[in-house]
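Notes for the one structure printed next.
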Amino acid sequence: MEQKTESSKAVLGRLLERHYQEALDEKAKGGLVAWATSISPQELLETMDIKVVYPENHAAAIGARKQAESFIEHSEGNGYSVDICSYARVNLGYMEIQESAAGNIPLPDLIFCCSNICNTVIKWYENIANELGIPMILFDMPFNHTYDVSDESTTYIRRQLEEAIKTLEALKGKKFDYDRLKEVMKISTETARSWKAATMLATAKPSPLNGFDLFNYMAMIVCMRGKQEGLDLFNLWKGELEEKARLGLGPWKDAEEQYRVMWDGIACWPYLSDTYKVLKKYGINMVTSTYPDSWTVIYDAGDLDSMARAYSSNYVNRNLDFGVDNIAKIVEDFSLDGIVYHSNRSCKFMDFRQFEVQRRVEARTGVPSVIFDGDQTDPRAFSLAQYEMRIQTLMEMMRERKEGGQ
Amino acid sequence: MIIDELAGIAHDPRKSVDEHIARTGKKAIGCFPVYSPEELVYAAGMLPVGMWGGQTDISKATQYLQSFCCSIMKANLENGLNGVYDALSMAIIPTFCDTLKCMGEVWKTAVPKPECFTFVFPQNRKLEAGVDFMRSELERLRARLEGISGAKIGDGDIERAIAVYDEYRAAARDFVKTSPSYPLTVNARVRHNVLKAAFFMDKAEYAAKLRAATAELKALPPEDGGSRGVVLTGLLAEPDGFLDLFADSRLHVAADDLVQESKQFRVDAPKEGASPLDRLARRLSDMDGCSLLYDSARTRGQKILGMVKDTGAAGVVVCMMKFCDPEEFDYPIYKKELEKAGVPLLYLEIEQKMDSAEQLRTRIQTFAEMLGA
Ligand code: SF4
Ligand code: SF4
């Protein structure tokens, strides 16, 4: 009988399920489970064989299943303001309700928090640690107001990594295996490279990738970066996309890619398919976002200084000049026609520089863009009508520009 | 009385700062919320000036900030764009929250004068690695200040500045301990403005005046207006119209847990240290119970309870700065602790420019009545 190879999508589903199941099993047998932020030095946990789940992933999944509201309301009932990040509101609600149609995660015994995405996670995770009375490891990654990561920051972060290793040794009651760390770091870098290479295939015209798939694979790069299965998955996905690109296939079977845009910010999970459909209706393919680079964490295996620098280099921990250069380069690499900026009510760091980023990117590249109001998981902060109007405006601008021969 | 003079300064900070510059020939350096290494600015022979927003109408700032940004930062940016801070030689912008991180970046682009200096406070401030990082940030600032003044800042200068600041902090602590005995003279508004004046004066001069003001108070017989004391918690409690509602409802401030007030002077620099910068860095390690400083032990609720107990306050009023997410994250945790201890709690949302302060009148009145004021 002919062996049918599993598609990367099928593998993805299977791996994700296993990822959560393993954490639940570990908890059931009295093992240690960590909750970690999405771009944290998971290498340390993997080395120590500590199971980890990612509340941002879980909150996104709850959002995508249109289940967020009840958790959000629960948190608001406890006194959490509507102003704070909705991932936090979903997760802090889940922490008490502990039952979701989008799948369950075990409660943590350890908090693993890295501030390279925002200061908000420090507050959010502090609350979890406090409510559950469990230890918290914080990797404080100083905001890079200079273009690059400074030597002082690097040293500070490296020393925090060393400190964390000591804490983990004490918690697990076993020695940290540096050879194993080197192995995990190697796999993690390779996975990151493979992820980046796959997402870069969307530079082809037409793009073999529709960016909403990107959002799905994102969940996997968050939780599988340090694992061989993760590496295999991204290699498989990359192979599929290469094949599509070779055949000149675009993102859709039933429509042509007419315009190529970037999406700035997180998806609106509760409206994932609505936002997607509106774009598709106008032949607009979201080919990329600012995200692929977030998990392209590349360093020299075994070198904690280079690891420190890599984790701090995440674009949301970088200054505005870097942010602008970054998007301008994406415009060029992906031959973009436009940019959709999500003014995400949850994410203040992304918001309060967005207007300026938009102006500067437009001045530099000439590519038109629009901003719409939304939220990653709070369904109440998004209006489909407004979104569609903005997309129409963008479409008009992109058409004029194309017809103008640019 | 001297307290009236001090309160007057908070109402016209510009005048006080301009006069100081004219009188001393010193340069002035702006210090954004919530904490700045003011001692270093002082040691450089310059005047640190607090930049805590104001009741500004917002228009130009909307080019940079969405509506759901806190009112302090909107006001600071608007003022910056309008050249209100022209007299300052530099503005120090720390990175305590996501909004502040953006502010530093936006400032660099949008506001030509004063130039901005982003100061990164470590959050792992209790680890030696954090103390060392803080020291390196202080060194960086020291070099920049030396560039502005053209003169070296010696270790002796910093030691002297720390001494001045510790004296100011002691004077402020004595004032807030004394003031609840004079609820009529030092009502909520007066108390706030007296403390706020510190941001616009030379700290040695301020401390001397404040000590004299406290002595003046102590010479008076204690007042008993039948008013009940409350503890205020939050980022800050403004504007005046809001604070007046307290006196109107026969409430006064027994103690505060506000970032703009007591949290500025609760903790002194440690007496010993390898160097004066080391002492400044370690002061940060010792500051607990603040929403802007990593504290997985979350001591804030216990601290508030301690204040209630020590001062015999009848309740706690949360002055929640709208859109300030660090403060919003703390609230559910200490709320639980206060409720468990049976402490009456009133939650109020405020903005710096509040046309609607009056709307809070009934809520404050009802709370006061419940407390038996
Ligand atoms: S959405 Fe923004 S604020 Fe929320 S956790 Fe992510 S980066 Fe932080
Ligand atoms: S969010 Fe809060 S802490 Fe941050 S700048 Fe605004 S008022 Fe200050």
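The values are calculated or read from the model by the stated rules, or taken from the named source; none is laboratory data. As the structure is a prediction and not an experimental result, all values here were calculated from the model. So basically every Cβ, Gly included, is an ideal-geometry build from the backbone, and we count neighbours across all protein chains shown. All accessible areas refer to the heavy atoms of the entire protein, side chains included, with ligands and DNA or RNA removed. Shrake-Rupley method; radii C 1.70, N 1.55, O 1.52, S 1.80 Å.
Taking every protein chain into account, the accessible area of the range B:131-233 amounts to 38 square angstrom per residue (probe 1.4 Å).
In peptide B:57-65, how many Cβ atoms from other protein chains are near each Cβ within 10 Å, on average?
On the way: counts 0, 0, 0, 0, 0, 1, 3, 6, 7.
Average neighbour count from other chains, rounded to a whole number: 2.
Along its principal axes, chain A has C-alpha extents of 67, 54, 53 angstrom, given from the largest down. For the range B:33-173, the convex hull spanned by the alpha carbon atoms encloses 130 Å³ per residue. Panel note: contact residues of the range A:320-364 (accessible area lowered by at least 10 Å² against the chain on its own; 1.4 Å probe) correspond to A:Leu320, A:Ser343, A:Arg345, A:Lys348, A:Phe349, A:Asp351, A:Phe352, A:Arg353, A:Phe355, A:Glu356, A:Arg359, A:Arg360.
Taking each residue of A:123-133 in turn, how many C-beta atoms of other protein chains fall within 10 Å of its C-beta, and what is the average?
So the per-residue partner count for this stretch is 4.
Its Cα centre serving as origin, the range A:107-231 has a Cβ charge dipole (Lys and Arg +1, Asp and Glu -1) of approximately 380 debye.
Carbon-plus-sulfur accessible fraction, the range B:295-373 (probe radius 1.4 Å, protein heavy atoms only): 50%.
Working from label points 7 Å from Cα in the Cα-to-Cβ sense, the B:Asp240 to B:Ala204 distance is 3.1 nm. Considering only trypsin sites (Lys or Arg not before Pro) in DSSP loops that have at most 13 other Cβ atoms within 10 Å, the longest stretch of chain B without any of them is B:1-151.
Grab the other residues whose beta carbon is less than 13 angstrom from that of A:Glu96, score K and R as +1, D and E as -1, and report the net.
That works out to -2.
Work out the FRET efficiency for A:Gln258 and A:Glu362 from their Cβ-Cβ distance, taking R0 = 22 Å, and round it to the nearest 0.05.
Details: r = 21 Å, r/R0 = 0.95.
Plugging the Cβ-Cβ distance into 1/(1 + (r/R0)^6) gives 0.60.
Residue by residue along A:137-143, Cβ atoms of other protein chains within 10 Å of the local Cβ number 6 on average. Rolling a 1.4 Å probe across the protein heavy atoms gives chain A an accessible surface of 37 Å² per residue.
When the other protein chains are added to the chain by itself, burial of at least 30 square angstrom of heavy-atom accessible area (probe 1.4 Å, ligands and nucleic acids ignored) affects these residues of the range A:64-96: A:Asn78, A:Gly79, A:Tyr80, A:Ser81, A:Asp83, A:Ile84. Among the protein heavy atoms of the range B:39-155, carbon and sulfur supply 50% of the accessible surface, probe 1.4 Å, non-protein parts ignored. Gyration tensor over the Cα atoms of the range B:157-218: the corresponding equivalent ellipsoid has semi-axes (square roots of 5 times the eigenvalues, largest first) of 23, 11, 9 Å. Given R₀ = 22 Å, FRET efficiency for A:Thr393-B:Ser67 by Cβ-Cβ distance, to 0.05? E between A:Thr393 and B:Ser67, to the nearest 0.05, is 0.60.
With a Förster radius of 56 Å applied to the C-beta separation of B:Ser275 and B:Glu349, the computed FRET efficiency comes to 0.80. Looking at the range B:25-87, the accessible area is 29 square angstrom per residue; that uses a 1.4 Å probe and ignores ligands, DNA and RNA. Ranking A:Phe349, A:Ile134, A:Val121 by Cα position along the charge dipole of chain A, where only Lys, Arg, Asp and Glu carry charges on their C-beta atoms, puts A:Phe349 farthest toward the positive end. From the Kirkwood radius over Cα pairs of chain B, Stokes-Einstein at 10 °C and 1.306 mPa s returns a whole-number translational diffusion coefficient of 75 µm²/s. Say a paramagnetic label sat at a point 7 Å from the Cα of B:Glu115, along Cα to Cβ; which residues of the range B:3-39 have their backbone N under 18 Å from it? Under cut-off, by backbone N: B:27-32. Taking label points 7 Å from Cα along the Cα-to-Cβ direction, A:Lys29 and B:Arg14 give a separation of 7.1 nm. Loop sites here are trypsin sites (Lys or Arg not before Pro) outside DSSP states H, G, I, E and B with no more than 13 other Cβ atoms within 10 Å. The longest part of chain A free of them is A:254-406. For the chain pair A and B, the buried solvent-accessible surface (1.4 Å probe, both sides summed) amounts to about 4400 Å². Based on the convex hull around the alpha carbon atoms, the range A:307-347 presents an average projected area of 4.0 nm². The three principal axes of the C-alpha atoms in the protein assembly as shown carry coordinate ranges of 100, 65, 55 Å, sorted with the longest axis first. For the range A:166-209, the normalised intensity computed at q = 0.20, 0.33 Å⁻¹ comes to -0.71, -1.00 (log10 of I(q)/I(0), Debye sum over alpha carbons, equal scatterers, no solvent).
Could you work out what % of the accessible surface of chain A is carbon and sulfur, using a 1.4 angstrom probe and leaving DNA, RNA and ligands out of the count? C and S atoms contribute 49 percent here. In the range B:74-102, burial by the other protein chains removes 40 Å² or more of 1.4 Å probe accessible surface, compared with the chain on its own, from B:Asp98, B:Lys101, B:Cys102.
Taking Cα atoms only, the orientation of helix B:325-340 departs from the longest principal axis of chain B by about 30 degrees. For the listed residue pairs A:Lys196/A:Lys227; A:Lys9/A:Lys196; A:Lys253/A:Lys402; A:Lys29/A:Lys123; B:Lys15/B:Lys209, the alpha carbons are over 27 angstrom apart in A:Lys29/A:Lys123.
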